[in-house]
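The values are calculated or read from the model by the stated rules, or taken from the named source; none is laboratory data. Note that the structure is predicted; figures quoted are calculated from it, not measured. Cβ: placed from backbone, ideal geometry, glycine included. Neighbour counts: every protein chain shown.
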Amino acid sequence: MSGRLLSTIDQRTRLAGHNRLALLLFRLCGKQRFGVNVFKVQEVMKRPRIWPLPTRHPQVVGVADVRGRTLPVLDLGRAIGHPEAQPADAGYLVVTEFNRTVQGFLVAAVDRIVNIAVEDVLPPPDVGARATQLTAVTRYQNELIQIIDVEKVLADVNGASITVSADLIARAGQRREGRAQVLVVDDSRVARNQIHGVLDQLGLECAQMPDGRQALRHLKDLADRGECLTDRYSVVISDIEMPDMDGYTLTTEIRRDPRLRDLFVILHTSLSGIFNNAMVAQVGADRFVPKYTPNELAATVLERVIAVEAAA
């Protein structure tokens, strides 16, 4: 099973930018199937030996030696509060890489990789102000698939700093008066709040959209009303993997519309950088900034804002 899964991951990366999403499906005990973007998956393997740590977060089972690397291992069922999940039943380790870290998630069983049209990937049910551990839901063979927000799971364990360096804050303070505005597009409420926190430290305002289609509709509505988009937004920061319309497609659509094409677009993602750097050039984005690096994001946005103000 794991060999077949791994052999198809590279093939699936060709789907990016074509509004398709490849999901690794798995179970956390019981019949419910869950999913995670295969772009975040390095390897799937039978559960290795795990060494417990004397002091650890409740969701961290311990560490494992995987091909010479010592990786933290998290109990994914416990992390999302799955009522049926039992650590002893978790027979597989899904090794993931995102946000510049590598970690393993214990799951009960690994199913298959499926290819889903992005328009069939929907936001999770609204649970009000309470943050959910899901980033999206979809259907496969008439079954509901819950797509887990593994970035939030990891952030709950490690914490996520949004502190910008004093030098960048001081540089932002030298800008001319007025609060430039940034459009933030990300399906994760956690990520949107993190970006908002960074921009706020720079004295920048932001509008927020949960997916690419809503953002594109918003921009086109402004253009229909005669607004100059580059006057409205100094920067657009977009996640790449989003339901309904991904960041690659959003960027492509922005470049196709003469009224939008001059917007400065930063693609901001937890996915590995080598592949994304090539896709950034292909779809016409201006920058790629990996998650989650507050100073790098702040510096990139600030550079653009200052350039726009200097040219005005």
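Under the condition of being within 17 Å of the chain's Cα centre (by Cα) and not in a strand (DSSP E or B), the residues counted in segment 103-118 number 1.
Consider segment 178-197. How many of its residues are surrounded by fewer than 24 Cβ atoms within 10 Å (Cβ to Cβ) and part of a helix (DSSP H, G or I)? Going through segment 178-197 one residue at a time, the tally reaches 7.
Within segment 79-89, is there a residue that is over 16 Å from the mean Cα position of the chain (by Cα), farther than 19 Å from Ser270 by Cβ and part of a strand (DSSP E or B)? The answer is no, given that none of the residues of segment 79-89 is over 16 Å from the mean Cα position of the chain (by Cα), farther than 19 Å from Ser270 by Cβ and part of a strand (DSSP E or B). Scanning segment 243-260 for residues that are in a loop (DSSP other than H, G, I, E, B) and surrounded by fewer than 24 Cβ atoms within 10 Å (Cβ to Cβ) yields a count of 6. Taken as a whole, the structure leaves Arg56 outside the set of residues that are assigned by TED's automatic domain parsing to the domain that holds Leu25 and at pLDDT 90 or above. In the set Gly226, Gly247, which member is of a type in the set (Gly, Ala, Ser), assigned by TED's automatic domain parsing to the domain that holds Pro290 and free of Cβ contacts under 8 Å to residues at least 12 places away in the same chain? Selected residue: Gly226, the only one of Gly226, Gly247 that is of a type in the set (Gly, Ala, Ser), assigned by TED's automatic domain parsing to the domain that holds Pro290 and free of Cβ contacts under 8 Å to residues at least 12 places away in the same chain.
Taken as a whole, the structure places Gln146 among residues that are farther than 20 Å from Leu271 by Cβ and either in contact (Cβ under 8 Å) with a residue 60 or more places away in the chain or of a type in the set (Lys, Arg) (or both). Scanning segment 198-237 for residues that are on the phi < 0 side of the Ramachandran plot, loosely packed, with under 14 Cβ neighbours inside 10 Å and part of a loop (DSSP other than H, G, I, E, B) yields Arg225, Cys228.
Scan segment 68-95 for residues that are at pLDDT 90 or above and touching a helix residue (DSSP H, G or I) at 6+ places or on another chain (Cβ under 6 Å) and the total you get is 1.
Of the residues making up segment 36-74, those that are touching a residue at least 24 places away in the same chain (Cβ under 8 Å) and assigned to a strand (DSSP E or B) number 17. Residue check: Lys220 meets all listed conditions (1) closer than 21 Å to Ile148 by Cβ; (2) among the basic types (Lys, Arg); (3) out of contact with any strand residue (DSSP E or B) (no Cβ under 7 Å at 6 or more places or on another chain) but one, namely (1). Restricting Leu297, Leu263, Leu271 to residues that are at pLDDT 90 or above and part of a loop (DSSP other than H, G, I, E, B) narrows the list to Leu263. Out of Glu143, Glu151, one residue alone is modelled with pLDDT of 85 or more and not assigned by TED's automatic domain parsing to the domain that holds Ile237. It is Glu143.
Here's the yes/no breakdown for (1) free of Cβ contacts under 8 Å to residues at least 12 places away in the same chain; (2) crowded, with 18+ Cβ neighbours inside 10 Å:
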{"residue": "Thr96", "(1), (2)": "no, yes"}
{"residue": "Asn99", "(1), (2)": "no, yes"}
{"residue": "Phe105", "(1), (2)": "no, yes"}
{"residue": "Ala117", "(1), (2)": "no, no"}
{"residue": "Ala170", "(1), (2)": "yes, no"}
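Part of a loop (DSSP other than H, G, I, E, B) and crowded, with 24+ Cβ neighbours inside 10 Å, is that true of Ile240? For Ile240, the condition - part of a loop (DSSP other than H, G, I, E, B) and crowded, with 24+ Cβ neighbours inside 10 Å - is met.
Return yes or no: is Ile113 within 30 Å of Arg213 (Cβ to Cβ) and among the hydrophobic types (A, V, I, L, M, F, W, C)? Judged against the criteria, Ile113 is a match.
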